[in-house]
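Quick notes on the structure that follows.
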Amino acid sequence: MNIKIGEKIKLLRKQKNISQEVLAQYLGVSFQSVSKWENEATMPDITLVPAIASFFGVSTDELFDFNLMEIEQKVDLICKEAYQYRDSDPAKSEAILREGLKKFPGNDILLNNLLYTMRSPERAAEVITLCKSLAESTKLDDVKYDALRILAETYHEQGEQELTRITLEKIPEIYFTVLELQAKLLSGKEQLRAANAQLGISLDSASEMAELLASHCESLKDTAKANEYHSIATSALECAKLLNSIMS
């Protein structure tokens, strides 16, 4: 695929009557960099593509003049292939996604999946940069809030509790899920699938929250209450195992 992103940037910039210097300042790069992009001497770093699209008010796919339906299908296949190795071989999963990004630079879905392969302390700065860029530029709510979640988790791991709090405040409180509504409002196999999936998520969440509460009680030397929460966590896990056996 012959990508002419430089020509597109130049066209959009002139349509907005914006100088290379203004665009460069917004992106935090030199105007020489912008000039090289427009002359097709180099391409923007993938982490800058969402910000470029946001600046011009277009999607990343529009920036590259891609057929959206064709992209969605191909991106889905790339993500499915990468997902197979996400836990067992993150480096391989990342390589698959980066190869996909060569074909579809700046694609929000690929970048969102890429974040899951980069979750290591030594790459925190890279993760933070990509999360911020995605959260600010994507038009997809699920990508935006997933990026904010990962950003908050990364800040927490870095001991930046104030930044963690500020980031979490950008995520809206949601009191229901699509799966929950599907289980309540649909019927037949669709209802069964949604109810099973939501139940599994709820049991996992219940176990995790109970363990967090148990840890808090232990820090307060309240052993009795901590044991009660541990019991709740264990029960939730046992129910989750039972659910898996029923579904298998």
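Charges at C-beta only: +1 for Lys and Arg, -1 for Asp and Glu. How large is the resulting dipole of the range 2-127 about its Cα centre, in Debye rounded to 20?
On the way: 16 positive and 19 negative charges, 57 e Å.
Its charge dipole is roughly 280 debye.
Please give the FRET efficiency for R98 paired with Q191, using the beta carbon to beta carbon distance and R0 = 51 Å, rounded to the nearest 0.05. Mind showing how you got there, number by number?
Details: r = 39 Å, r/R0 = 0.77.
Efficiency, from the Cβ-Cβ distance: 0.85.
How large is the charge dipole for the range 75-177, taken about the Cα centre, if only the Cβ atoms of Lys, Arg (+1) and Asp, Glu (-1) carry charge, to the nearest 20 debye?
Working: 14 positive and 19 negative charges, 62 e Å.
So the magnitude is around 300 debye.
Using Cα pairs under 8 angstrom and six or more residues apart, how large is the relative contact order of the range 1-49, in percent?
Values: 35 pairs, mean separation 19.4, N = 49.
Normalised by residue count, the contact order of the range 1-49 is 40 percent.
For the chain, set up a GNM with springs between Cα atoms under 10 Å and report which of E208, E136, E160 has the largest fluctuation.
Ranking E208, E136, E160 by mean-square fluctuation puts E208 first.
Can you send over the carbon and sulfur percentage of the accessible area for the chain, probe radius 1.4 Å, protein chains only?
Of all accessible area on the chain, carbon and sulfur atoms account for 54 percent.
Given the protein chains as shown and a 1.4 Å probe, how many square angstrom of H230 are accessible, to the nearest 10?
Answer for H230: close to 50 Å² accessible.
Ordering D89, D108 from largest to smallest accessible area (1.4 angstrom probe), what's the sequence? Can you show the working numbers first?
Numbers: D89 60, D108 20 Å².
Of D89, D108, the descending order of accessible area is D89, D108.
Hey, can you find the accessible area per residue of the chain for me, probe 1.4 Å, expressed in square angstrom?
On the way: 15180 Å² over 248 residues.
On a per-residue basis, the chain sits at 61 Å².
What angle do you read, to the nearest 10 degrees and between 0 and 90, between the alpha-carbon axis of helix 68-83 and the longest principal axis of the chain?
Helix 68-83 and the main axis of the chain meet at about 50 degrees.
With each pseudo-label sitting 7 Å past Cα toward Cβ, what's the A41-L242 distance in nm, one decimal?
Distance between the two pseudo-spin positions: 6.8 nm.
Can you give me the three principal axis dimensions of the range 19-73 from its C-alpha atoms, in Å, biggest first?
36, 22, 18
Give the residues of the range 131-145 whose amide nitrogen is closer than 11 Å to a point set 7 Å from the Cα of K170 in the direction of its Cβ.
Residues passing the 11 Å test: 131-138, 144-145.
Please identify, among K221, K139, K14, the residue showing maximal mean-square fluctuation in a Gaussian network model of the chain using a 10 angstrom Cα cutoff.
K221
What figure in square angstrom, to the nearest 10, would you give for the accessible area of D141 with a 1.4 Å probe?
Estimated to the nearest 10 Å², D141 gives 100 Å².
I need the phi-derived Karplus couplings for the range 184-193: 6.51 cos²θ - 1.76 cosθ + 1.60, θ = phi - 60°, integer Hz, Gly and Pro marked x.
7, 9, 9, 8, x, 5, 5, 5, 4, 4
Using Cα-Cα distances under 8 Å and only pairs 6 or more residues apart, what relative contact order does the range 1-88 have, in percent?
Reported relative contact order: 27 percent.
Compute the orientation-averaged projected area for the chain from the convex hull of its Cα atoms and round it to one decimal in nm².
On the way: hull surface 69.2 nm².
Averaged projected hull area, Cα only: 17.3 nm².
In deg cm²/dmol and to the nearest 500, what is the mean residue ellipticity at 222 nm of the chain if only DSSP H runs of at least 4 residues count, each as -39500 (n - 2.57), divided by the residue total?
Details: 14 runs with 181 residues, N = 248.
Calculated at 222 nm, the ellipticity per residue is -23000 deg cm²/dmol.
Restricting attention to the alpha-carbon atoms of the range 98-193, what are Rg (one decimal) and Dmax (integer), both in Å?
In Å, with Rg to one decimal and Dmax whole: 16.1, 47.
What residue among S88, S137, S202 shows peak mean-square fluctuation when the chain is described by a Gaussian network model with Cα springs under 10 Å?
S202
Helix 5-15 against the longest principal axis of the chain: what's the angle in degrees, Cα atoms only, rounded to the nearest 10?
For 5-15 against the chain, the angle is about 70 degrees.
Using per-residue counts of other Cβ atoms within 10 Å, averaged over each peptide, order 185-195, 146-156 from highest down. Don't skip to the answer; put the middle values down first.
On the way: 185-195: 12.4, 146-156: 20.5.
Put in order of decreasing packing, that is 146-156, 185-195.
Determine how large the accessible area of M247 is when every protein chain is in place; take a 1.4 Å probe and give Å² rounded to the nearest 10.
The value for M247 is about 100 Å².
Calculate the tail of P(r) for the range 162-248: the fraction of all Cα-Cα distances greater than 18 Å, expressed in %.
On the way: 2290 of 3741 pairs.
Here the long-distance tail beyond 18 Å is 61 percent of all Cα pairs in the range 162-248.
Can you give the angle from 0 to 90° between the axis of helix 141-157 and the longest principal axis of the chain, with both taken from C-alpha atoms, to the nearest 10?
The two axes meet at around 70 degrees.
Specify whether the C-alpha gyration tensor of the range 42-137 places it in the rounded, prolate or oblate class, a ≥ b ≥ c being the square roots of the eigenvalues: rounded for a/c under 1.5, otherwise prolate if a/b is larger than b/c and oblate if not. Please report the intermediate quantities before stating the final value.
Details: a/c = 2.19, a/b = 1.22, b/c = 1.79.
Oblate shape, in that a/c is at least 1.5 and b/c is the bigger or equal ratio.
The values are calculated or read from the model by the stated rules, or taken from the named source; none is laboratory data. Note that the coordinates shown come from a computational prediction; the quantities given were computed from them, not determined experimentally. Positions of Cβ are backbone-derived with ideal geometry, glycine not excepted, and every protein chain shown enters the neighbour counts. Surface accessibility is based on the protein's heavy atoms, side chains included, excluding ligands, DNA and RNA. Shrake-Rupley method; radii C 1.70, N 1.55, O 1.52, S 1.80 Å.
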